[in-house]
Every structure is written in structure tokens, then in C-alpha cells.
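Trainee: This is the structure I want to talk about, given as C-alpha cells.
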Amino acid sequence: MFGNRRKRLKKNFKRKRKNQNKNGLIGIKNDDLRQNLVKLKLVSVSFFLSIILFFFLLIYLFFFSSLFKVQEIVVKGNQRNNSEVIISQIEPYLEGNFLKIFSQSHFLALNTKEIEKMLLENFKSIEEVEIKKKLFGKLEVNIVEKQIKAAMCSQSECIIIDDKGVVLKRFPKDKLYEYGENIELIVDQSNTLAQVGEGVNTKDYVEFIDGLRYDLNANGIMVREVITPLPSASEIQVVTIQDYVIIFDSSLDFSNQLESLKLILEKEIPKEKIDCLEYIDLRIKNKVYYRYYDDCKKEQDGKIKEETGESAQEGSDAENNAGEEKED
């Protein structure tokens, strides 16, 4: 009896001990889980705070720091337009605040398209302009200037015109040297120079005079000066170094007029009579008119008739003994 009781007690003791061991392991596991959860919460809170801090840092850098505010303006591609003048025109667009919070000089607030439009309106010699926002507060202004085709001068002033005949600049005549010796120069006899931004004549007119001096010189007709009686008209006068004048019409094809000129000089006008020549007029299509000085013609009238032929002399009679006409 006592033996059975001892066995039961021993068995109960083992069962209790076993249960105690199980509960101890569970407690240990619960403590570890609890510690891991705390660590995870701390990491989550730290990560969330880091994101908020990073977000506020981005806001500060983007909106309030000088990293994205215009600190420097660089002008590129300009040759005739002064960089300081261009910058002074841009600076007013950087003043004040945007939405009463952000500086107007901030890249986000700066309207580059509006500035580009302003520069094209204020600087007639600019063909294209592009403004780029660079890092570290740099504003880059890239300019393409219009191409100068010719200069036109009156008694005291000059203008330069582009390939469309628009006046790019007006300046005193003594400053013409700044544009070099190779620029095509036209003398305006009417003294009615156009203002900056106005059109002197058409694009065809500019194409006609562009290289006019070079083409004539290349064909042995040496040019002293090019004259326009009125810039808006199509007539162009070329004074040669031999003092006779060639009258062109810019509305007609230059190549045809040049061929007619070469033909009349080779076939109709003797070289020894060039000094007596007053002008050659090419303004009528397929016809050439030329005239000798009266005093020179009278002195050598007989010789002229002999060398130029009867038909040329008849043309002279048709102009009251003052000139010659040749039909191509």
C-alpha cells in the first residue's frame, strides 16, 4: 500500500517538474519575442523619423538654400551684344518673391521663356536665345546673333543690316572700322537711314548686294564704292575705279546683268574710251544703255564712229547724241 502511494507521489512530482520546465521555456521565448518587438518598433520609428528629416532637408535644399537660386549669369555666343547689358536686362526678373514665400530667383519660380522673349524684343541683332538652368545657381544664356550682310552709311551715321534687310544697329560713321574691312559698304545718298528693327529693303535686295563687289572685281571690273539713291528702291549704282557708273536693278537677275555688262565692255566700248564713259545702265531687261561724257565725245567723235560702228552711232543719235544703246 505504501509502495503504491510512493509511486503515485513520485509520478506526480515528475509530472509537475516536467510542466515547470515547459512553462520556463515558454517564458524565455516570450521574453525574446517581446524584446524583438521592441527593437522592431525602435527601428521603425527611427526609419520614419529619418524619412521625415530627409524630406524636410530636401525642402530646405530645394526651396530655401542657394543651390537652386540664380547666383551667376553666364552669356555665351554673343559677339556684338555686350554681356553686361544683357545681364542687366535679366536681373529685374530675379527680384521679389514668388507667392510671397520663395525668391523669384529660384529655378522653380524663374520663367525662362519670358526672359527669352524679352531679349529677342530688346536686342534686334539676336536671332535665337536659349536659357538653361544649371546646378549650383548658374543661369546659362546661349545666344545666336543675326548675320551681318552689309553696312549702309549716310554723311554722319551708319547702320548694319542682316540677311533679311532689317537694321540691327545704328552708330556714328567713325565707328565703322569696328566691323572690319570686308563688310559690304553701301553709300546712302538720300540720308534717310532706317531705325533699328526696321526693314531697309527686301531679302532679295540683300542677296543681290551680298558679294556684289567681289563678283565684279573677280571679273576685272574694279569697284570703288556702291551707292543707293534711295534704300527702299531697287536701283543700285556701282562706281568703278575708272570713274564710270554701272546701274543695276536688284529686282532682276544679277548673273544676266553681269553677262550683259561683260558683253558690252568687250564688244561695244573700246578700252581706250573707258575714260570717256559716264555710265552703263542695266535696269531694262535684255537692253543696255551707256553714255559718254559730252566733251570727251566731241573731241573724238570721228574715232568713236570708226571703232563702234554705225549701229552704235545711231543709238547715240537716238539719245540726242548723248549715249549708246545695245540690245542683247
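Trainee: Can you pull out every residue in the stretch 254-264 that is surrounded by fewer than 18 Cβ atoms within 10 Å (Cβ to Cβ) and either under 11 Å from Leu282 (Cα atoms) or outside the structural domain of Val200 (by TED's automatic domain parsing) (or both)?
Mentor: Asn256, Glu259
Trainee: Ser154 - would you say it is assigned by TED's automatic domain parsing to the domain that holds Leu230 and over 26 Å from Gly77 (Cβ atoms)?
Mentor: Taking the combined requirement at face value, the residue satisfies it.
Trainee: Only one residue in Asn201, Asn142, Asn191 is touching a strand residue (DSSP E or B) at 6+ places or on another chain (Cβ under 6 Å) and either over 18 Å from Ser232 (Cα atoms) or in a loop (DSSP other than H, G, I, E, B) (or both). Which one?
Mentor: The match here is Asn142.
Trainee: Keeping to the stretch 279-298, report how many residues are free of Cβ contacts under 8 Å to residues at least 40 places away in the same chain, assigned to a strand (DSSP E or B) and either under 16 Å from Ile221 (Cβ atoms) or not assigned by TED's automatic domain parsing to the domain that holds Ser234 (or both).
Mentor: 4
Trainee: Please name all residue pairs, on different chains or six or more residues apart, with Cβ atoms under 7 Å, provided the first residue is in the stretch 155-167 and is without any contact (Cβ under 8 Å) to a residue 40 or more places away in the chain and the second residue is among the polar types (S, T, N, Q).
Mentor: Filtered contacts from the stretch 155-167: Gln155/Asn191.
Trainee: Another question, if that's okay. Looking at Lys117, Lys175, Lys133, Lys113, can you tell me which residue is basic (Lys, Arg) and in the same structural domain as Phe208 (by TED's automatic domain parsing)?
Mentor: On inspection, the qualifying residue turns out to be Lys175.
Trainee: For the stretch 171-182: of the residues being touching a residue at least 12 places away in the same chain (Cβ under 8 Å) and loosely packed, with under 14 Cβ neighbours inside 10 Å, which is nearest to Asp249 (Cα to Cα)?
Mentor: The qualifying residue nearest to Asp249 (Cα to Cα) is Lys173.
Trainee: Looking at (1) surrounded by fewer than 20 Cβ atoms within 10 Å (Cβ to Cβ); (2) over 30 Å from Val75 (Cα atoms); (3) of a type in the set (Ser, Thr, Tyr); (4) under 29 Å from the mean Cα position of the chain (by Cα), which is the one condition that is false for Ser250?
Mentor: Only one criterion is unmet by Ser250, namely (1).
Trainee: Restricting to the stretch 128-142, count the residues that are on the phi < 0 side of the Ramachandran plot and surrounded by 14 or more Cβ atoms within 10 Å (Cβ to Cβ).
Mentor: Adding up the residues that qualify gives 7.
The values are calculated or read from the model by the stated rules, or taken from the named source; none is laboratory data. Model, not experiment: these values are computed from the prediction. Quick reminder, even Gly has a Cβ in these numbers, built from the backbone with ideal geometry, and neighbours come from all protein chains shown.
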